Amino acid sequence: MISIALVTLLGMLVGVAAGLLPALPVFTGPMILYLFVNNNYPILHLLIFWMVSYSGTQFFGSIATITTKIPGEESSAIYLPDIDRLGIEEKKHLLFDTAVGSFVAGTFSILLVWTIVMFVNPNIFPALLGYQIQLIAYLFAIFLLILSGKPRWASILLIIAGLMIGPKQNYALPVWWYDLTFFFSGYTLYMIVLGTILIPSLFVPARQISTISEYTIKSKIPNIWIIIKSTVIGIFAGIVPGASASIATTLAYNTQKESNNSPYNKILAAETANNAAVVIVAIPFFILGLPINQNTLLMSNIMDIQSLNIIEEITKVITPLTLVMLIAFVLYFWLSTHLINWYANTVNILHNKMKWIVAIILLVLITADLQYSEITLYRYCYLLIGFTIFGFVIRFFKWSAIPFLFAVVLSDKFVWLGVQTINFIVSK
Amino acid sequence: MKKIIVICLALIGLGLLHDSNKSNTKITVINMSSPASPAGVFAQAVKKTVDGDWYQSSHCSQGHDAFTNIKNSVVVYNSSVAFAALNKQLKNCQIPKNVLISAVAKTPMHICKLLNGTTDLERDKVKLGMASMYAVKKHQDQFNNQSRNGSVQLIPYSGSKTVLKALLAGDIEWGWMGSGLANKNSNKIQCEWTTDKTDKTKQFLGDKFSRLTIPDFAINVVIYTADKKTAEKVTALLKENKEFNKYTKTSGFTINTEPTQQDVDNINQIVQKMYNTWSN
């Protein structure tokens, strides 16, 4: 019990920090878990830390955005230009209302996750793990990734590249594939995230922080209809592969109209929807083993490293996980409606130093990855430099690295499905 | 530029730290098989017994690289993977010379269908799921030469666990899986066939499919290490640990903690026989 409380508190700490500080990505939680991947922590602890930190990032992202005009996480960027149109009184109300919206969306979503895991799991419906359903789910996910990518041909190329390097322990593949593995053997997913996303992001100029006012939270009865509608939008957007939270934010923001020439309701809708989406992404991961965004991709890889099967384990831990999440949401609500000035000042102080703080954190994580990967330092540097060059190329052309990451993690399962499907077709 | 220099210096520092940390005394268990295979589950049990770290290799050559890099490491070798490596021309996947063998173990396979399954392996047209390394055409032909009115189509999977999932999902009619996993799921599946000659509760595959060259197939596991003290420690723990002994009883593995060179030679011969029989 004490260990669960401790893990929850640590997850909350990481979630609040990653939510307030834009340089810390939304997947900071699972990145930190890589440090402990060899320590055989129970799956419940891993999932609690992951989900609590992840939802906290989304919960607190709006505070940094509204108070300092620095988006705490990427999905808040859509309403950045609207911040200047809000008066100080409106901002005070908005801070409270977005906290209510995030709380309602998060609570409802985690209860939905619990219901689906308990009543629509492969133990009850083994056909969920049948190759046809799995193949449709994977193809649908890849189709949506290609559709949302710009340009689409680049997404297709990145997916093919990911599919080439991902398979593991697959002796149904031809000999030439094993020859190809010589070039990338020994890579880790963390190394890929580092090279393709995090290191290139250190070289992006920081945004200018806006003038910070004194805030005292003012509560009023928020527009419940907007919160309910945005929660539903977030739930549907949450199962879309790729940038689920950003899609939820954009959809909810665009479907809400301005009232009295104020973007207030649009921001409330956006901040509610993304909190639902980040919890809902767990559903395909828990019941089909299908990770659909960066966060679930990393978590899936952590499970693979520990040889844990999320589909087999999840029904045993979903109830305590849900209870912890409900408690975490209550605590997040309290924290996000108090200490606002402290958060704003912290963001202000740390913002310009964040790149260095992040660089130090990354180096610590590289050490852990280097320890775990058990390849030579020379090989590690060769692979990391290779992926970093690849990351800069992707950034130069303004492509997204997500299709590549997605394909790397899913390729093992996807290639197996492909091999089996060919055999099933031949057998007919 | 300043950032790049600082990051490079820090990386060099980390490299030095990386090398200095290599002298830890904790045992690392390297699994060269799929986590879904009986040998993968066996490796997990070994890891638990020695309270060690875990290293899951992408393929067996990479497992060998890890073995040379990690000081106190033990490899859980799998004869089926060694055969697949010969077939795919992968290097360093056989039992190395000059290593110390802590134990050898083996488990037979059961061939199972759902409790309400109505197909007959001998007579009907069926899909039989098995691990990818031996779900090959030559093996399939040996099954089909003996089937009278139907044909057996072999479908490749990563290991016994994924075969079981496919069987439960209804993708395949029959599944070839480790005896431990099969016994554990006896409330869902029935195993009419076995590769274990001595098991009188099931039909021995070789009795009816007499043209199968390896009807007595088993997964052979070898636990080896480069360090004498580590070898002795692992052997002692495997002998004494009650949990591990309980595991071997339920998993269908028979374990030998005092292996001779002859035992190792026999396993190498089995691998060669698989290669001669099933290779592309």
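The values are calculated or read from the model by the stated rules, or taken from the named source; none is laboratory data. Remember, it's a predicted structure, so these values are computed and weren't measured experimentally. Cβ coordinates were reconstructed from backbone atoms using ideal geometry, including for glycine residues, and neighbour counts include every protein chain displayed.
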Residues (β-branched (Val, Ile, Thr) and more than 14 Å from chain A (Cβ to nearest Cβ)) located in the stretch B:161-209
B:THR194, B:THR195, B:THR198, B:THR201
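Take A:LEU80 and decide whether it is at pLDDT below 80 and part of a helix (DSSP H, G or I).
Against the criterion (at pLDDT below 80 and part of a helix (DSSP H, G or I)), A:LEU80 qualifies.
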Filter the stretch B:221-259 for residues that are within 20 Å of the chain's Cα centre (by Cα) and over 27 Å from B:ASP196 (Cα atoms) and give the result.
B:THR225, B:VAL234
Among residues of the stretch A:119-172, those that are of a type in the set (S, T, N, Q) and not in a loop (DSSP other than H, G, I, E, B), counted
4
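Results for (1) free of Cβ contacts under 8 Å to residues at least 60 places away in the same chain; (2) within 18 Å of A:LYS168 (Cα to Cα), shown as yes or no for each residue.
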site: B:LYS26; (1), (2): yes, no
site: B:MET32; (1), (2): no, yes
site: B:ALA39; (1), (2): no, yes
site: B:LYS47; (1), (2): yes, no
site: B:VAL50; (1), (2): no, no
site: B:SER58; (1), (2): yes, yes
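Yes/no matrix, rows are residues, columns are (1) within 14 Å of another protein chain (Cβ to nearest Cβ); (2) buried (at least 18 other Cβ atoms within 10 Å of the Cβ):
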residue: A:HIS93; (1), (2): no, yes
residue: A:GLY101; (1), (2): no, yes
residue: A:VAL104; (1), (2): no, yes
residue: A:THR115; (1), (2): no, no
residue: A:VAL120; (1), (2): no, no
residue: A:ILE124; (1), (2): yes, no
residue: A:LEU129; (1), (2): yes, yes
residue: A:GLN132; (1), (2): yes, no
Kindly provide the set of residues from the stretch B:93-136 that are part of a strand (DSSP E or B), within 25 Å of B:ASP265 (Cα to Cα) and within 14 Å of chain A (Cβ to nearest Cβ), ordered by number.
B:ALA131
Checking the conditions here, which among B:LYS233, B:LYS239, B:LYS246 is of a type outside the set (S, T, N, Q) and modelled with pLDDT under 90?
B:LYS246
Of residues in the stretch A:388-428 being within 14 Å of another protein chain (Cβ to nearest Cβ) and among the aromatic types (Phe, Trp, Tyr), the one farthest from A:ILE142 (Cα to Cα):
A:PHE392
Sort through A:LEU144, A:LEU180 and tell me the only one that's closer than 26 Å to A:LEU384 by Cα and either at pLDDT below 80 or away from chain B (no Cβ under 11 Å) (or both).
A:LEU180
Check the stretch A:209-230 and report whether any residue there is more than 19 Å from the chain's Cα centre (by Cα), at pLDDT below 80, within 14 Å of another protein chain (Cβ to nearest Cβ) and part of a loop (DSSP other than H, G, I, E, B).
no
If you go through the stretch B:193-203 one residue at a time, do you hit one that is in contact (Cβ under 8 Å) with a residue 24 or more places away in the chain, part of a strand (DSSP E or B) and not hydroxyl-bearing (Ser, Thr, Tyr)?
yes
Do we find that A:ILE70 is crowded, with 18+ Cβ neighbours inside 10 Å and either modelled with pLDDT of 80 or more or in a loop (DSSP other than H, G, I, E, B) (or both) in this structure?
yes
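Mind checking whether some residue in the stretch B:258-272 is assigned to a loop (DSSP other than H, G, I, E, B), farther than 21 Å from B:VAL50 by Cβ and at pLDDT below 90?
No.
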On the basis of being surrounded by 15 or more Cβ atoms within 10 Å (Cβ to Cβ), within 19 Å of the chain's Cα centre (by Cα) and part of a helix (DSSP H, G or I), does A:LEU321 make the cut?
yes
So the check is Cβ under 7 Å with 6+ separation or different chains; which pairs have a first residue in the stretch B:68-80 that's touching a residue at least 24 places away in the same chain (Cβ under 8 Å) and under 17 Å from B:LEU90 (Cα atoms) and a second one that's among the polar types (S, T, N, Q) and part of a helix (DSSP H, G or I)?
none
How many residues are facing chain B (nearest Cβ under 7 Å) and either surrounded by fewer than 15 Cβ atoms within 10 Å (Cβ to Cβ) or not in a loop (DSSP other than H, G, I, E, B) (or both) when one looks only at the stretch A:353-380?
7
Determine whether A:LEU111 is more than 14 Å from chain B (Cβ to nearest Cβ) and surrounded by 20 or more Cβ atoms within 10 Å (Cβ to Cβ).
no
If I ask for residues that are outside any helix (DSSP H, G or I) and of a type in the set (A, V, I, L, M), which ones from the stretch A:381-428 would you list?
A:ALA401
Flag for B:ASN92 being under 20 Å from the mean Cα position of the chain (by Cα) and in contact (Cβ under 8 Å) with a residue 60 or more places away in the chain
no
